[in-house]
Amino acid sequence: MAELRYTEEHEWIRVDGDEGTIGISEYAQEQLGDIVYVELPSVGTSLDQGDEAAVVESVKAASEIYAPIGGEVTEANDELNGDPGIVNRDAMGAGWFIKIKVEDASQLGALMSEQDYKDMIEGLN
Amino acid sequence: MPRDGFTRRTMRLSTKLANLSGPRTEGALVLAKIRSRMTASCCASVTAVVGPMSEPIANPAKKTPLHTLHVSQGGKMVPFAGYEMPVQYPAGILTEHLHTRTHAGLFDVSHMGQIRVTGPRAAQDLENLVPGDIGGLAVGDMRYTLFTADDGGILDDLMVTRVEDGLFLVVNAACKEADFAHLQKYLPSTSTLQMLEDRALLAFQGPDAVLVLERLAPAVAKLSFMTATEINVAGIPCFISRSGYTGEDGFEISVAADRAHELAVLLLDAPEVAPIGLGARDSLRLEAGLCLYGHDIDPTTTPVEAGLSWAIGKRRRSDGGFPGADHILAQLKDGVPRKRVGILPEGRAPAREHTEIRAPGGGVIGEITSGGFGPTVGGPVAMGYVTSEFAQVGSPVELVIRGKARPAKVVKLPFAPHNYVKKN
């Protein structure tokens, strides 16, 4: 049963067993505007919680994406190379950035539930 | 991933997005930095460099006559040169950019300065301050020129149009106060100056612009590139030039502030027309290879280094008589140590302003001054300065982006071909 969590940095992670899929939120893609480039780490990269995991660029500027929890990168979404706009169109699904082998599932405890994240965004507006 | 010591040009997503709600938007962050730098370089006043979470203490942002329209169209408003301007509309920057190159886009550029210079010697008087041939302009002719400094640097770039009783100038928004002061100080007293505070300025660009405009004012079809005239558009008196900042055919329309909304609505009513924000204005001009003051040109760049020698009039090259003439004319003769060039990254990562340029496997040879994503090109595009030995088209260079050297090459400008409708 997959568990969805969010960070204050507008990343999401969906954990199923020891596989975690990471992306940026719907709110994030909407605020960033047209995404033109995504730079992903190579498979095998070891990430600690909070490490810079990726860079996402909109037309005007670049933003850093951080690892919500630690783990080793098992897959990077190559589709984003040819069509970074997938992130705008489907941030929560096809616009995923990387998959990791979860190192320590207890790190999820520090992250927000979907409701908490929704509340946080409401507070921003 | 270990953190290297490279200069961070990216930003934590939360910081960026935290500034996206309310008046402090994503654009505000990027553009506030641009604005403070532009102000610092062309105005006498000292402006504090804006930190990521703060705005300089300033007067509340000014509004153009089209502000209400922008908001009603869903414009994402950001502060720019002291004004609240739309950086984009719901369509987004990519769509707005592509729409302009294929149909027609309407831009509000009322934040720019419109200045009248009146007097029988207006053209000759202005030549004291610019390297262009202004005296040779016939009524209705328009020219791009530069305010130069005594050391040959550039104080601003501007458009000058010869009108019946003198000249009509359009200057950059961030420099308009300084430019006006500059004119007031140095223009001979035979000319009088007036900042036109009660006028709006609209840019109407793209292949369909002439089609839409001539339905309302048939006379516009007779205008060729870089000419201007007074024309009534559906009964609204306008001063229209066939010119622009996108590389496409198009017009710039000066209109009374209290008729601007009416004119804009009329144009937006046409099916070919979409409203376009400052974000796309920037990507369009970058693909067109056009300079942005405060970035590609500033007080540290001479017209020759900037590749703008064509703006130095033929007669002016022998006569001089403009600030910095000695140095500039010497550069025309002897060459320059560095040049502005187009740079095409070979990968997909954009190279933004201040990106270091290196010789292949070698040392620093320059810096990017404008860079981003080109929607028409479909990839990253940039302009920057390199030492002259690397300025040849085809020269391979390296761009240091996030601590990694990435291949690129010097290319001919523009990235997107110009579509000006010139006189036969």
(request) Measure out, as a whole number of angstrom, how far apart the alpha-carbon centroids of the stretch B:125-178 and the stretch B:290-316 sit. (result) 13 Å
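If you take the Cα atoms of chain A, find Rg, then find the Kirkwood Rh from the mean of 1/r over all pairs, what is Rg/Rh? Walk me through the numbers on the way to the answer.
On the way: Rg = 13.4 Å, Rh = 14.3 Å.
Here the Rg-to-Rh quotient is 0.94.
On average, how much area does the Cα convex hull of chain B cover when viewed from any direction, in nm²?
Details: hull surface 82.8 nm².
Dividing the Cα hull surface by four gives the mean projection, 20.7 nm².
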(request) Would you mind checking A:60/B:339; A:118/B:76; B:76/B:412; B:333/B:423; B:339/B:404 for any pair whose Cα atoms are more than 27 angstrom apart? (result) B:76/B:412; B:333/B:423
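Can you tell me how the stretch B:237-357 classifies by the Cα gyration tensor, rounded, prolate or oblate, using a/c under 1.5 as the rounded cut? Kindly include the intermediate steps, with their values, before the conclusion.
Numbers: a/c = 3.03, a/b = 1.47, b/c = 2.06.
Oblate, since a/c reaches 1.5 and b/c is not below a/b.
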(request) Determine Rg/Rh for the stretch B:108-170; Rg is computed over alpha-carbon atoms and Rh is the Kirkwood hydrodynamic estimate from the same atoms. (result) 0.97
(request) Assuming 1.002 mPa s and 20 °C, estimate D for the stretch B:337-424 with Stokes-Einstein, Rh taken as the Kirkwood radius over Cα pairs, in µm²/s. (result) 164 µm²/s
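Using every Cα-Cα pair within the protein assembly as shown, state what percent have a distance larger than 39 Å.
Numbers: 44427 of 150426 pairs.
Looking at the protein assembly as shown, the distances longer than 39 Å represent 30 percent of pairs.
Add -39500 (n - 2.57) for each DSSP H run of 4 or more in chain B, then divide by its residues: what number comes out at 222 nm, to the nearest 500 deg cm²/dmol? Don't jump to the answer; show the numbers that get you there.
Numbers: 11 runs with 101 residues, N = 424.
Calculated from helices alone, the mean residue ellipticity at 222 nm is -7000 deg cm²/dmol.
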(message) Give the separation of the Cα centroids, the stretch B:81-112 to the stretch A:1-48, in Å.
(response) 31 Å
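Read-outs: derived from the displayed coordinates by stated rules, not from any lab. Just so we're clear, the structure is a prediction, and the values are computed from it rather than from any experiment.
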